[in-house]
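Some notes on the structure that comes next.
The values are calculated or read from the model by the stated rules, or taken from the named source; none is laboratory data. This one's a predicted model, so the numbers in the text were calculated from it and none came from an experiment. With ideal geometry, Cβ positions are generated from the backbone for all residues, glycine too; neighbour counts draw on all protein chains shown.
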Amino acid sequence: MLYICIPSRNEAPTVGVLLWRIRKVFREFSREYEILVYDDASTDETTSVLEPYHKVLPLTVIRGEAQVGFARAVDALFRVVAQRTRYPRRDAVVLMQADFTDQPEHLPELIKRFEGGADVVVAETAVVPSAPAPVRKLAAWARRAARLWPVRAHLTVNGVGDPFGTFRIFRITVVRDLVRAAGDAGVTDGSVRVANLELLRRAVGLARRVESVVVEPRYDIRPRATRVQVWPDLKAILRAGWAARKRRAVAAA
């Protein structure tokens, strides 16, 4: 079973069409799947957009009454799946965004890597000329930040060129270990990119094998402007690196 987990807030123009595209992929690439959407207290029409898809898709919508943010939405999805799965060695979580940046058409290649034995499969997002300027600028500055000696070890993942993206597959044995290790805390924390980095770093430590695939995102079909904020997002990444360095120094002492 593949559990497609989608954190979403105010994505009414895209989330329904995304579900339909996922359905189309799995009609041609037959696998057993379920879709779980965490609706993070959306204030637009996301709830009503999702409603009719219950009739045609294996869909669960978790509705948050108060906004909790990306990291907590991912945590909630992972905990639901960790309890729901019957075959944790065979099943997987597919984590993806709701805004068309992550393309369902790339799922077959990622799933093949998982079925080939990888416990974690990372979709590395290529920086394409069509990407919005804030996306390109943040990618460039994040790469530079990751090369800074004091925080380099905490902002990189061996074998992965882009550790900040959302589009990943996790074997559910890894997900269960993440949930167990987190206890009452979340499986990850921080803003979107920091949360993705932290989640990947924790998962890699629990995985036997990690693979990455370079994929090309689409920005031209997304109806809203990017939510990337270059300097606040970059500062959050650097703060996360320094905080991790400090924690490691304290632990060593």
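Only one entry in Trp149, Trp231 is aromatic (Phe, Trp, Tyr), out of contact with any helix residue (DSSP H, G or I) (no Cβ under 7 Å at 6 or more places or on another chain) and under 28 Å from Val68 (Cα atoms), namely Trp231.
If you take just the helices (runs of 4 or more DSSP H) that sit entirely in segment 82-157, which of them hold at least 3 residues that are over 21 Å from Phe26 (Cα atoms)?
Counting at least 3 such residues, we get 133-146, 149-152.
Just checking, does segment 12-22 include any residue being among the charged types (D, E, K, R) and in contact with a helix residue (DSSP H, G or I) (Cβ under 9 Å, 6 or more places away or on another chain)?
Yes: segment 12-22 contains one or more residues that are among the charged types (D, E, K, R) and in contact with a helix residue (DSSP H, G or I) (Cβ under 9 Å, 6 or more places away or on another chain).
Which one is farthest from the chain's Cα centre (by Cα) among residues in segment 1-37 that are farther than 25 Å from Glu109 by Cβ and not in a helix (DSSP H, G or I)? That would be Asn10. Of all the numbered requirements in (1) in contact (Cβ under 8 Å) with a residue 60 or more places away in the chain; (2) in contact with a helix residue (DSSP H, G or I) (Cβ under 9 Å, 6 or more places away or on another chain), Arg209 misses one, and that requirement is (2). Just one of the listed residues (Val74, Val61, Val68) is assigned to a helix (DSSP H, G or I), under 21 Å from Thr166 (Cβ atoms) and at pLDDT 95 or above, namely Val74. In segment 210-239, of all residues being among the hydrophobic types (A, V, I, L, M, F, W, C) and out of contact with any Leu (no Cβ under 7 Å at 6 or more places or on another chain), the one that is surrounded by the fewest Cβ atoms within 10 Å (Cβ to Cβ) corresponds to Ala225. Within the set Arg224, Arg208, the sole residue that is farther than 20 Å from Asp102 by Cβ, part of a loop (DSSP other than H, G, I, E, B) and either of a type in the set (D, E, K, R) or at pLDDT below 90 (or both) turns out to be Arg208. Selection of segment 178-209 for residues being within 21 Å of Met1 (Cα to Cα) and either crowded, with 20+ Cβ neighbours inside 10 Å or polar (S, T, N, Q) (or both) yields Leu178, Ala203. Considering only segment 78-94, I want to know if a residue exists there that is modelled with pLDDT of 95 or more, within 11 Å of the chain's Cα centre (by Cα), closer than 22 Å to Trp20 by Cα and buried (at least 19 other Cβ atoms within 10 Å of the Cβ). So far as segment 78-94 goes, yes, one or more of its residues are modelled with pLDDT of 95 or more, within 11 Å of the chain's Cα centre (by Cα), closer than 22 Å to Trp20 by Cα and buried (at least 19 other Cβ atoms within 10 Å of the Cβ). Evaluate segment 165-188: report whether one residue or more is at positive phi, outside any helix (DSSP H, G or I) and at pLDDT 90 or above. Among the residues of segment 165-188, at least one is at positive phi, outside any helix (DSSP H, G or I) and at pLDDT 90 or above, which makes the answer yes. Within segment 146-161, restricting attention to residues that are over 12 Å from Val121 (Cα atoms) and not hydrophobic (A, V, I, L, M, F, W, C), which residue is surrounded by the most Cβ atoms within 10 Å (Cβ to Cβ)? My answer is His154.
Select from segment 34-46 the residues that are surrounded by fewer than 21 Cβ atoms within 10 Å (Cβ to Cβ) and in contact with a strand residue (DSSP E or B) (Cβ under 6 Å, 6 or more places away or on another chain) and write down the one among them that is nearest to Phe167 (Cα to Cα). Looking at the filtered set, the residue picked out is Glu34. Scanning segment 109-126 for residues being surrounded by fewer than 18 Cβ atoms within 10 Å (Cβ to Cβ) and either closer than 15 Å to Val160 by Cβ or over 17 Å from the mean Cα position of the chain (by Cα) (or both) gives a total of 6.
Just one of the listed residues (Val68, Val56) is within 17 Å of the chain's Cα centre (by Cα) and surrounded by fewer than 19 Cβ atoms within 10 Å (Cβ to Cβ), and it is Val68.
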